[in-house]
Each structure stands twice: as structure tokens, then as C-alpha cells.
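Working notes, beginning with the structure itself.
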Amino acid sequence: MKKILLLGGSQQQIPAIRAAKEKGLYTILCDYLEDNPGQYFADKFFLISTTDPEAVLGIAKAEEIDYVMAYASDPAAPTAAYVAEQLGLPGNPFEAVSILCNKERFRNFQRAHGFAAPAGCGYGDVEEALRDIKNNRFRFPVIAKPTDSSGSKGVGRIDGIAEAEEKLKTAFRFSREGRIVVEEAVGTYGRQLMGDGLSADGRLVFSCFADHHFDLAGENPFVPAAGAFPADLSGEMLDRINAEIQRLLSLLHMKTAAYNFEVRIGDQDQIYLMEAAPRNGGNYIPEVIRECCGTDLVDCAVRAAMGEDLSSVPFGKPKGYASYYVVHSPKAGILDHIEIDPFVRAGNLLQEHFVKSPGDCVEAFTAANTTLGILVMKFDSREEMTHMMDHPEEWIRVIVK
């Protein structure tokens, strides 16, 4: 039996474990959390950090694995690429994956190769960043973000000098390597876009984008609260976005891989590839895309890790309307209950994935790790989908005491 090493066992990563087992693979899981739910689905489990490449490599050698995969995890993606490269397994260049997973290196790469990128700089301490902000190096508002975090953890918008130090310190607190990026906010036309894609032998063979929705009244308005598929884009703009992605993948010599993209369209129609993470998206995005387009990106991700030929994956066009919605609380406290309109539950809900139960302590919604759960939903029209994602207060209530 062939063996696959999977890096990360959160609830959202269980679909990859299941997909690997359905292919007859022996599944070995690494995760640093003792209570991760994935360990109960995998054949073998090691309590080890997925961001420790040498330790993971040691396990890969000892277990004589055939494949390695980091599903829906930015921090683990470089480790997977490193192990694959060291052992000669299917994978992508470690250097390229490392660039894509580090916000400072990615921005530097973009600027060096003529991609649209916000004005910004990387910093190793608060004082240096604060000095540049005070010396008017940037135009407000600016965004401070850790170079190596995911799920919007530590990201903050700075509108003036008075709040700069606090936001910078928060960004540093969430960086494992102790570095942050400060960059000018990008003015956009329309909504921010996100979506998943797939390359086969370096060629972009699939992409599907959504309109991002945010809780602008929340403590961190940069955390996505919903993603509505497909995005309201013209065919011409979609072609331009895909062309920029293809140029990026070619320059990095990427091979076969799944991706999660964040894209903004500037007020002059510039295409900003804000992120191009070499892994599937979280929040059950592959399940939402399967409902929208029919393409099974979880299966494709496992096949990519196995080195299979994915060149014939259809560049499926959207056939319906689907979204994920992040169930969240506006304040910290004890979760009493969650109310969902019965008509919505009967007519729109496809999947419910809750990580919090009544009686649990919950935090205010500030990052992906403070969510209460994810809903996968379907709709009859774009109008219905957009309205419900913009006005969740009309159909869901989170009661916290």
C-alpha cells in the first residue's frame, strides 16, 4: 500500500484525509495539536509541528512515504515542498513555494518582475517600521501584516500615526519569523476577489473566483466572512487575471499544484495578485467550488501530490451559485445558541461544520481561528446570494452571554 504524509489535521483538512483513503493510500498525519480531529481519520498520527521541516523529513524517511501533501495550510506548504524535494517525490520547487508563502518575499518577487504591487516594505522591528510611517514614507491608510501568518491573523489597517504602534506590535506578535510587511492599501474597483486554482505541469488548467464579503462592523474587517461563487466578473477581466496568474506560475517554474488566490482590481483596472498560496483554500472552498462548477479540487489536490497527470481537468464553467459563510460572534463570551432561519436551513444549507457548541467560550471574530463554524450554501440566483451574504443578520443570529 502506498503511503501519503499529510501535514495538518484540522476539521477543514479532514476531506483530504478521506480523499486519500478513498484512493487506497495509507495515511500518515502530522499536527502539533494534541486534540486535532484529523488523527481519528488517519491511519497513523505523529504529534509534531508541520512547520519543522527537518522533523517532518525524519518521519517521512522513517515511514518510507511515497507522497506528501499540505492541504489548505500556508505554514505547512513549504515543509511539504522541502520533504518532496529532499526525497525526490512529486512536488513543486521548494524555493518557489517559499516565495509564495512569505508575504515579503512574494512582494519583492512581484516588483522585480513587473507585477502590480502596493508600495510597501518589510521590517524586523517595530521602531524601524514606526519611523518610516512617521516620516511619511507611505500614504495612509496602510496595512500591517505578518510575513508568514495565514487566516488574516495579525493583519491591521492603520489610518493614522496614533494607532500605528499598537497595530505594528499586533502584526509582529503573529509572525513566527519576527518580520512584518507594511504596505499602502490598494484602492479597488468592485469587491475583493478570492478563489482556488489548479496547475498541471506549470499550466493553469482551472480557476474559479468568488466575491469576498466582510463583516465591516467587526473588530477585524479584513477577515473574510463569506465567499460568493462565481465572482461577478466579465469574461475579459477573468482572462486577464488568469493570464497574470499563468505568468507568475511560469516565472516560478511551478509544476502541478492547487492554489488559493486573493485578487484585487485597482481603480485603473490594474490586477493585483495579493496572494497566490500554493494550497487549496480553507473555509471548505473546494466543496463550494464543487457545488458551483462540478470540479472536485480535493480529489485533484491528492492526485497532484501523487504526481498524476491533471492536464485533462476541465476548466469548468460555473453552473450555479454557492458560497461559504463564516459563523462568528461580534463579541467574546459564552456561546448560548445559534439561530438559523428554518427556510434558509431547508432551502440554502448544504453543509454545516461547527467547531463550537453551546456552553463553549468564544472569542470576537478577529481571524480565521476565531470562527464558530462554516456553512456551505447554495442559491437560486446571484441576487439572492449577494443579498444574503451582505445581510446575514436577516437569517442567522449568534447568541453569546
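General remarks:
- Residue match in segment 115-127 (condition: buried (at least 16 other Cβ atoms within 10 Å of the Cβ) and charged (D, E, K, R)): no
- Applying the set (1) without any contact (Cβ under 8 Å) to a residue 40 or more places away in the chain; (2) in contact with a strand residue (DSSP E or B) (Cβ under 7 Å, 6 or more places away or on another chain) to Glu128 leaves exactly one unmet item: (2).
- Strands (runs of 3 or more DSSP E) fully within segment 115-206 counting 1 or more residues that are under 26 Å from Arg240 (Cα atoms) and of a type in the set (S, T, N, Q): 193-200
- Residue list for segment 18-49, filter: in contact with a helix residue (DSSP H, G or I) (Cβ under 7 Å, 6 or more places away or on another chain) and under 18 Å from Glu64 (Cα atoms): Ala20, Thr27, Ile28, Leu29, Cys30, Ala42, Phe45, Phe46, Ile48
- Among the criteria (1) among the β-branched types (Val, Ile, Thr); (2) surrounded by fewer than 21 Cβ atoms within 10 Å (Cβ to Cβ); (3) modelled with pLDDT under 95, the one Val223 does not fulfil is (2).
- Segment 201-210, residues that are touching a strand residue (DSSP E or B) at 6+ places or on another chain (Cβ under 9 Å) and surrounded by fewer than 24 Cβ atoms within 10 Å (Cβ to Cβ): Leu204, Val205, Phe206, Ser207
- Qualifying residue in segment 171-185 (condition: in contact with a Leu (Cβ under 9 Å, 6 or more places away or on another chain), surrounded by fewer than 18 Cβ atoms within 10 Å (Cβ to Cβ) and more than 22 Å from Gly281 (Cα to Cα)): no
- Residue match in segment 254-276 (condition: at pLDDT 95 or above, touching a His at 6+ places or on another chain (Cβ under 7 Å), farther than 13 Å from Asn92 by Cα and not basic (Lys, Arg)): no
- Members of segment 342-367 found to be among the small types (Gly, Ala, Ser) and either crowded, with 17+ Cβ neighbours inside 10 Å or not in a helix (DSSP H, G or I) (or both), listed by number: Ser357, Gly359, Ala364, Ala367
The values are calculated or read from the model by the stated rules, or taken from the named source; none is laboratory data. Model, not experiment: these values are computed from the prediction. Here the Cβ is made from the backbone with ideal geometry for all residues, glycine too, and neighbour counts use every protein chain on show.
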